[in-house]
1. Apply the Debye scattering formula to the chain, with a single equal point scatterer on each alpha-carbon and no solvent, then give log10 I(q)/I(0) at q = 0.10, 0.18, 0.19 Å⁻¹.
2. Once R0 is set to 25 Å, what does the formula 1/(1 + (r/R0)^6) return for the Cβ-Cβ distance between Trp16 and His105, expressed as a FRET efficiency to the nearest 0.05?
3. Any idea what % of Cα-Cα pairs in the range 67-110 are farther than 14 Å?
4. Rounded to the nearest 5, what % of the DSSP beta bridges within the chain are antiparallel ones?
5. State the percent of C-alpha pairs, over all pairs in the range 4-91, separated by a distance greater than 19 angstrom.
6. Considering lysine pairs in the chain that are 8 or more places apart or on different chains, how many have Cα atoms under 24 Å apart?
7. When only C-alpha pairs under 8 Å and at least 6 residues apart count, what is the relative contact order of the chain, in percent?
8. Could you give the distance between the Cα centres of the range 58-114 and the range 15-48, to the whole Å?
Amino acid sequence: MVTVLDHDSELRRRAWDAAASVVDPEIPVLTIADLGVLRDVVLDGDQVEVAITPTYSGCPAMNMIALEIEVALERAGFREPKVRTVLSPAWTTDWMSEEGRRKLHAYGIAPPQSSRSRRALFGEQAVTCPQCGSGNTEVLSEFGSTSCKALWRCKTCREPFDYFKCH
């Protein structure tokens, strides 16, 4: 016999999996679970509410992500899902999964370093080139193609690359 708790756990897992499958529209190799943007899934009867935290307050991708979560949940059989934006605690790159960091690197974007390192505390960065692996790199601009990235260049292979900034 299946208990109510088992049914609720299965429903929550199904809702989590549906929401977690949504990709970031700015970096389509990452899911919102990879990024750590997906914070919680709460069930109240048949109603599901998903909590997300933006990488930056005012991130333009969040509206698209919320819409895609609603669509994914509706496709999974949840009616009238709700998406709630949670601003506190603020998102940090420490919430990004190791799998997400690997996906970024394979995509050609240098993943963020841990914000807990001493070098990060003093604004020093040693970013490794995702193309050739060299640490001989330099920042070209703190502003990249999106607000969460900076533009860097490798001095060894001379290729420019994006770096996912730490927060």
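Rule-based calculations on the coordinates, nothing more; no lab input. Because the structure is predicted, anything quoted here is derived from the model rather than measured. Cβ atoms come from the backbone with ideal geometry, glycine included; neighbour counts cover every protein chain shown.
1. Log-scaled intensity ratios, in q order: -0.44, -1.07, -1.15.
2. On the way: r = 26 Å, r/R0 = 1.03.
Once rounded, the FRET efficiency stands at 0.45.
3. On the way: 628 of 946 pairs.
More than 14 Å apart: 66 percent of the Cα pairs in the range 67-110.
4. Values: 16 of 22 bridges.
Of the beta bridges lying entirely in the chain, close to 75 percent run antiparallel.
5. On the way: 1263 of 3828 pairs.
When every Cα pair of the range 4-91 is considered, 33 percent fall beyond 19 Å.
6. Numbers: Lys103/Lys149; Lys103/Lys155; Lys103/Lys165; Lys149/Lys165; Lys155/Lys165.
Eligible lysine pairs with Cα atoms under 24 Å apart amount to 5.
7. Details: 285 pairs, mean separation 29.5, N = 167.
Relative contact order of the chain: 18 percent.
8. After rounding, the separation between the Cα centres reads 6 Å.
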